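A quick write-up on the structure given underneath.
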Amino acid sequence: MEKIQVKICAGTACFVMGAPQIQALEFSTPEDLADKIEVTEVRCMNHCSQGKGYNKGPFVEVNGEVIEEATMEKVITKIRDLIAKEEEEKC
Amino acid sequence: MLIPKNYANQMRSRILVKVVESFYKDRFESADEIPIEMRPKDYDSSRCCIYKDRAILKYRMMAAMGFTPQEETNEAKQLKDYGKEALKRQNHAKSCLAVIDIACSACVKSQYMVTDACRGCFARPCVMNCPKQAISIINGRSHINPDLCVSCGKCLEVCPYHAVVKLPVPCEEACPVGAIRKDEHGVEHINEETCISCGKCLQSCPFGAIVERSQLVDVLNLIHNTDKKVVAMLAPAVVGQFPFEINQVVGALKKIGFDDVVEVAAGADVTSKNEAAEFIERMKEGKSFMTTSCCPAYYRAAEVHIPELKPFVSNTKTPMYYAAEMLKKEQPDCVSVFVGPCLAKRSEAEYDPNVDYVLTFEEIGAMFVGAGVEIGDCEQAQFAKVSSAQGRNYPLSGGVAGAVGNLVEGEVEFRPERIDGLSKENIKLLKKYATKGSENNMIEVMCCEGGCIAGPGCIALAKKAARQVETYVAQGVNQKDMK
């Protein structure tokens, strides 16, 4: 199974609005997800300038799907959803 | 303490951004719309209702403008008017931490409680070991009489079923000096006389009820509404606070209107030099040990709460002091703004005529966002002065002692010890050292666990920031090899 790509925006706005709190994923990955995800810090993905505004930040992309006002909780839920979906497709 | 990953501290950053934005938009003319915009009618409230949420947001905004909730004399006074008052003031208000009384949930008084896991056993060690006979058996279970309990915790230690729990009050537990206490209604209050401004209460309150007076508006006002030259003094912990090259951060500061940016790590080099000389002198005089002095929260704690330790605390000034002194010598007419991770620096600055304002990394972060500046797009700019590797290492636990050790090598014996985090336990330990002496002769004390990179004014994850500081240290030159 390919690793799920978690891109945490580290543009100025997202960073100030709380991206570092999600970066904690790099240091304390839930055990069952450790070998299934790849977390990267990326430069501004321009979600803030495309109408949404920095107020909706921090933005995180999980396999290309954008999460607004991202929190650790939201990101982990999204990852688990994707894993569950993939497993279903396998069956 | 609460992990740095929670909604309360995220809200603090958001409020700061909103205040900056409101300043740029219309000089706070429409500031009163912000609490409503953040908690609109159909929003899920964080507390009992959106109306209480909005009321608390107003107090948060007041704090960001430099007013504590206690300064409210007229409840009808609008944010717009607070904003205007902030823009009129010539000197910033005295820094202080304060409790938003309506946000404080008045946690139950810290106590021990017997849970349902109690089996009412035959041995009853809790009853037998309680020194105040506060425990009796009611309906076949142990029960603690709160009027007799002195919170010694013996019952928790001896219960074979781990049925006794301690209900903490997070802010009181976090405060190393007992400066935050409940009033008769259970609401917390901070004693300004004994507070060391470390900010641990602010970081630990799960309701985000603690705020501090910001100087953000004062600095924005200076930059945009006066022709004064405003210079930012960047604390060494800045490396790693923004996920960009440090020189780009310098560029971004210039873009938002700072005329010049100096590196406080250059002041750290002076501190290391003076502290090393002082250490050698004290050891030759036969003193048993010396502690560092650059953490302002610890310095104040020693002064107010551990007076017996005072003779052992170094008299050397902090990196901020030396950096500001150098700056004011070169540019006597400038306004100096220290930018760092620390809340206690605000109190230190009050006694330092060369430091005019103090901001946190979080506050300058909010300035970047509110002004629409993307650091990644900024030109790289250089610091006026270059610091040594040792000066750059100050914000990590062990960094200050390391810098002094580097300079005293070969002169006197150097046995360093780190006090990493000023907890209640570590204060006891320091008291013991003061009266009974210490095995080690150089005690480095940092109030924040992990060092300044874990300060309450930081944005980045401490672990990640530490790595970046280490890289920056590696690029520096040994202080011994500098002229």
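The values are calculated or read from the model by the stated rules, or taken from the named source; none is laboratory data. This structure is a prediction, so every number in the text was calculated from the model and none was measured. Note that we place each Cβ from the backbone using ideal geometry, even for glycine, and neighbour counts take in every protein chain shown. The accessibility values were calculated without ligands, DNA or RNA, using every heavy atom of the protein model including side chains. Shrake-Rupley method; radii C 1.70, N 1.55, O 1.52, S 1.80 Å.
Relative contact order for the stretch B:227-481: what percent, with Cα pairs under 8 Å and sequence separation of 6 or more?
31
Applying 1/(1 + (r/R0)^6) with R0 = 25 Å to the Cβ-Cβ distance of residue B:76 and residue B:44, what FRET efficiency is obtained, to the nearest 0.05?
E between residue B:76 and residue B:44, to the nearest 0.05, is 0.35.
Largest first, please: the extent of the C-alpha atoms of chain A along each principal axis, to the nearest Å.
41, 27, 19
Send over the per residue convex hull volume for the stretch B:170-224, Cα only, as a whole number of Å³.
Residue-normalised Cα hull volume stands at 108 Å³.
Shape of the stretch B:112-167 from its Cα gyration tensor (a ≥ b ≥ c, root eigenvalues): rounded if a/c is under 1.5, otherwise prolate when a/b > b/c, or oblate?
Note, shape of the stretch B:112-167 comes out rounded.
What is the distance, in nm, between label points placed 7 Å from the Cα along the Cα-to-Cβ direction at residue B:280 and at residue B:184?
My value for the distance between the label points is 6.2 nm.
Can you tell me the order of B:337-349, B:25-37 when each peptide is scored by its average per-residue count of other Cβ atoms within 10 angstrom, highest first?
B:337-349, B:25-37
Using only protein heavy atoms and a 1.4 angstrom probe, determine the accessible area buried between B and A, summed over both sides, in Å² to the nearest 100.
Chains B and A together bury roughly 2300 Å² of accessible area.
Show me B:44-55, B:238-249, B:447-458 ranked by packing, highest mean number of other Cβ atoms within 10 Å first.
Ranking the peptides B:44-55, B:238-249, B:447-458 by packing returns B:447-458, B:238-249, B:44-55.
Using only the alpha carbons of the stretch B:2-95, what is the convex hull's orientation-averaged projected area in square nanometres?
7.2
Given the whole protein assembly as supplied and a 1.4 Å probe, what does the accessible area of residue B:56 come to in Å², nearest 10?
Result for residue B:56: roughly 0 Å² accessible.
Hey, can you grab everything whose amide H is under 5 Å from the amide H of residue B:67? Only 5+ residues off in sequence or another chain; H modelled, so Pro and N-termini drop out.
B:214
Within chain A, how many Lys pairs sit with Cα atoms under 23 Å apart, leaving out pairs fewer than 8 places apart on the same chain?
Lysine pairs satisfying the spacing and distance rule in chain A number 21.
How large is log10 of I(q)/I(0) for the stretch B:1-160 at q = 0.09, 0.18 Å⁻¹ when the intensity is taken from the Debye formula with one equal scatterer per alpha-carbon?
Taken in order of the listed q values, log10 I(q)/I(0) reads -0.52, -1.04.
Might you work out the accessible area of residue B:425 for me, using a 1.4 Å probe with all protein chains in place, and round it to the nearest 10 Å²?
Roughly 120 Å² of residue B:425 is accessible to a 1.4 Å probe.
Provide the per residue accessible area, probe 1.4 Å, for chain A, rounded to a whole number of square angstrom.
Computed with neighbouring chains in place, this is 50 Å² per residue.
Measure off, as a whole percent, the carbon and sulfur share of the 1.4 Å-probe accessible area of chain A, all protein chains present.
45
Amide H neighbours of residue B:291 under 5 Å, counting only residues 5+ apart in sequence or on other chains, H built in-plane at 1.01 Å?
B:313, B:314, B:443
At a 10 angstrom cut-off on C-beta neighbours, averaged per residue, how do the peptides A:10-23, B:401-414, B:429-442 rank from highest to lowest?
Per-residue mean Cβ counts within 10 Å order the peptides as A:10-23, B:401-414, B:429-442.
What translational D, rounded to a whole number of µm²/s, comes out for the stretch B:227-481 from Stokes-Einstein when the hydrodynamic radius is the Kirkwood one over Cα pairs, at 10 °C and 1.306 mPa s?
D, rounded to a whole number, is 86 µm²/s.
Quick one: divide the alpha-carbon radius of gyration of the stretch B:364-473 by 2.2 N^0.38 Å and tell me what you get.
1.36
Calculate, for the stretch B:79-179, the solvent-accessible area per residue in square angstrom, rolling a 1.4 angstrom probe over the heavy atoms of the protein chains.
58
Under the definition of partner shielding as Cβ atoms of other protein chains within 10 Å of a residue Cβ, what is the mean value for peptide B:454-461?
The mean count of partner-chain Cβ atoms within 10 Å per residue comes to 3.
Considering the zone a paramagnetic label at residue B:30 would reach in this model (a point 7 Å from Cα along the Cα-to-Cβ line), which residues of the stretch B:48-62 have amide N under 12 Å from it?
none
Ignoring ligands, DNA and RNA, what percent of the accessible area of chain B is carbon or sulfur (1.4 Å)?
50
Take the alpha-carbon positions of chain B, form their convex hull, and give its projected area averaged over all directions (one quarter of the hull surface) in nm².
Quarter of the Cα hull surface area: 26.3 nm².
If you look at just the Cα atoms of the stretch B:142-189, how large are its Rg and its Dmax in Å?
13.3, 37
Could you pull the accessible area for residue B:229 with a 1.4 Å probe, rounded to 10 Å²?
Number for this one is 90 Å².
At q = 0.21, 0.23 Å⁻¹, what log₁₀ I(q)/I(0) does the stretch B:360-428 have when each alpha carbon counts as one equal point scatterer in the Debye sum?
Here log10 of I(q) over I(0) equals -0.99, -1.06.
Given axes a ≥ b ≥ c from the Cα gyration tensor, I'd like to know whether the protein assembly as shown is rounded (a/c under 1.5), prolate (a/b larger than b/c) or oblate.
Here the protein assembly as shown falls in the rounded category.
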